[in-house]
Amino acid sequence: MVLDRRTYRLVDGERIEGTWRPIFIRNGPSYFLADLLIFADGAINCWDWVDLDGLRAKLDSGWVATELEAGADASAHHLASWRFDGPEVWVTAEELLGEVADDIDRLNDRPDSTERCLQALDRYLETRAEPDRHAMRAAYLGIPEHLRHYALGDMDAKDGPLRVLCTPLGEETTYGERVTEAMHTQALTYFAERDRWATEYRENRPADGPDQAERPTVKLASVPGRFPAEPGVLALRNEYPVSIAIAGDTYASAVHAYWALATTDEAARAAIRGTELAFGVERAVGRALLRPDWPDLRLAAMHAVLRAKFDQHPTLADVLVGTGDARIEYNVSSAFWSGGAKGRNWVGRLLELVRSEFVAQRAGFLRP
């Protein structure tokens with residue numbers, strides 16, 4: 001199972017998040033260890049671009065191999081080659097498809113099969129209604145079989161209480177256990193105890209708030225050309241054309257203001273003020289010298305520019321505050337300012353900081 005392996009590809013300037021996992025591809029008589037690339041838009045690369053249905057076809061044909069033939073040759077390009085003796089594989093074709101579908105859900109900040117099952121479990125525990133039990137069973141069976149025992153995060157009980165509760169009295173679980181009323185009662189007791197432990201844990205922790213954001217990540221992708229008439233959260237981008245007064249001058253966007261602060265060259269500043277669109281600002285700066293201390297000042301400068309932008313445009317501050325506690329991931333060519341696998345995401349982090357300042361200010365916690 002792939003965890004926290006991230007990649008991306010660019011499509012028309014838009015960053016499409018992705019992940020990958022190792023697979024064997026069978027090309028002719030030999031197997032090749034390769035990467036199965038999986039992207040948020042459902043595109044999958046296995047030496048060919050496919051979707052989930054296409055991946056199923058590749059599995060059915062044996063191109064993506066979940067069965068390995070003893071005595072066959074295998075290769076990891078430019079690294080090693082070997083011959084299979086007694087090969088064992090850990091996932092079936094259906095399990096691999098399930099893992100890939102889960103990856104696509106997670107890349108889109110949607111509940112994966114395990115999370116959907118746990119949501120169905122909570123509904124059943126609340127209602128005890130048979131239709132909700134059926135929905136819970138369907139969701140449980142939707143988890144790739146080799147991952148079901150991880151569903152509860154309990155390596156002692158594994159998925160035992162869940163599969164028992166999914167199964168009507170007198171019928172057999174997926175493990176062949178015939179379910180009795182006593183087993184159902186024991187499973188319900190398990191979940192009642194689990195809820196009690198969770199409550200005690202929450203009550204014993206410092207009440208500082210959740211560890212993770214409750215809202216899905218806001219991805220501020222770059223905008224090719226001009227902004228749409230209704231930009232929504234894209235108005236949070238630095239290129240958005242809105243005047244900003246800072247350091248005695250007024251600029252056409254946050255990008256204009258930032259680069260004007262970066263240089264003491266008055267001719268470059270005049271060129272920046274004369275540039276209509278943010279996309280031309282770096283060209284207007286040209287080879288003008290930046291302040292020698294700029295690497296140490298740029299975070300404070302960007303914070304000042306963002307504060308000025310949202311202070312001077314309350315409707316944009318409303319858009320920023322409306323993102324709640326979501327992580328803001330910014331996309332720009334600089335790895336310092338941009339998010340993603342290798343970026344430090346400083347624009348996104350500063351937007352989150354400015355957002356918290358506005359929330360605190362509106363709550364009377366901080367003075368304007």
- Message: Once you place label points 7 Å from the Cα toward the Cβ at Thr92 and Asp48, how far apart are they in nm?
- Response: 2.4 nm
- With a Förster distance of 25 angstrom and the Cβ-Cβ distance between Glu266 and Asp293, calculated FRET efficiency to the nearest 0.05 equals 0.85
- One finds the C-alpha centres of the range 178-194 and the range 1-72 to be spaced, in Å, by 40 Å
- Note to self: Kirkwood Rh of the range 218-362, Cα pairs, one decimal, Å, is 15.5 Å
- Item | For P(r) over Cα pairs in 10 Å bins from 0, in percent, calculated from these coordinates, the label among [x] 5, 20, 20, 12, 12, 13, 10, 6, 2, 0; [y] 5, 24, 31, 26, 12, 2, 0; [z] 4, 17, 21, 20, 18, 13, 5, 1, 0 | [z]
- Item | Highest-first arrangement of 258-266, 185-193, where packing means the average Cβ count within 10 Å | 258-266, 185-193
- Item | P(r) of the range 7-107 over all Cα-Cα pairs, binned every 5 Å from zero, in whole percent | 2, 13, 23, 23, 17, 12, 7, 2, 1, 0
- Item | 222 nm mean residue ellipticity, helices alone, for the chain (DSSP H n ≥ 4; -39,500 (n - 2.57); rounded to 500) | -12500 deg cm²/dmol
- Dipole magnitude (debye, nearest 20) for the chain, charges at Cβ of Lys, Arg, Asp, Glu: 1600 debye
- Item | Computed E for Leu188/Asp325 - FRET, C-beta separation, R0 25 angstrom, nearest 0.05 | 0.15
- Cβ-Cβ FRET estimate between Asp249 and Arg215, R0 fixed at 41 Å, reported to 0.05: 0.70
- Message: How would Ser222, Ser253 line up from fewest to most surrounding beta-carbon atoms within 10 angstrom?
- Response: Ser222, Ser253
- Query: Gain in length, Glu171 to Ala363, computed as 0.36 nm per residue apart minus the alpha-carbon separation, to one decimal in nm?
  - Reply: 63.5 nm
- Item | Sparse-neighbourhood loop sites, chymotrypsin sites (Phe, Trp or Tyr not before Pro) in the range 66-99 - DSSP loop, at most 12 other Cβ within 10 angstrom | Trp90
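Mean shadow of the range 113-199, computed from the convex hull of its alpha carbons, in nm²?
On the way: hull surface 21.0 nm².
Computed as one quarter of the Cα hull surface, the answer is 5.2 nm².
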- Note on the structure: Projecting the Cα atoms of Thr217, Val281, Ala270 onto the charge dipole of the chain, where Lys and Arg contribute +1 and Asp and Glu -1 at Cβ, the residue farthest towards the positive end is Ala270
- Message: Can you compute the modelled spin-label distance between Arg283 and Glu67, with each label point 7 Å from Cα toward Cβ, in nm?
- Response: 5.9 nm
- Message: Can you compute the charge dipole magnitude of the range 76-194 about its Cα centre, using +1 on each Lys and Arg Cβ and -1 on each Asp and Glu Cβ, nothing else charged? Give it in debye, rounded to the nearest 20.
- Response: 140 debye
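For the range 218-362, what is the charge dipole size about the Cα centre, in debye to the nearest 20, if Lys and Arg each add +1 at the Cβ and Asp and Glu each add -1 at the Cβ?
On the way: 17 positive and 15 negative charges, 61 e Å.
For the range 218-362, the charge dipole is close to 300 debye.
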- With a 10 Å radius around each residue's Cβ, average the other Cβ atoms per peptide and rank 276-282, 102-108, highest first. 102-108, 276-282
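No value in this document is a laboratory result; all are computed from the given coordinates. Everything numeric here is computed off the predicted structure, so don't read it as measured data. All Cβ positions, even for glycine, are placed from backbone atoms using ideal geometry, and neighbour counts span all protein chains on display.
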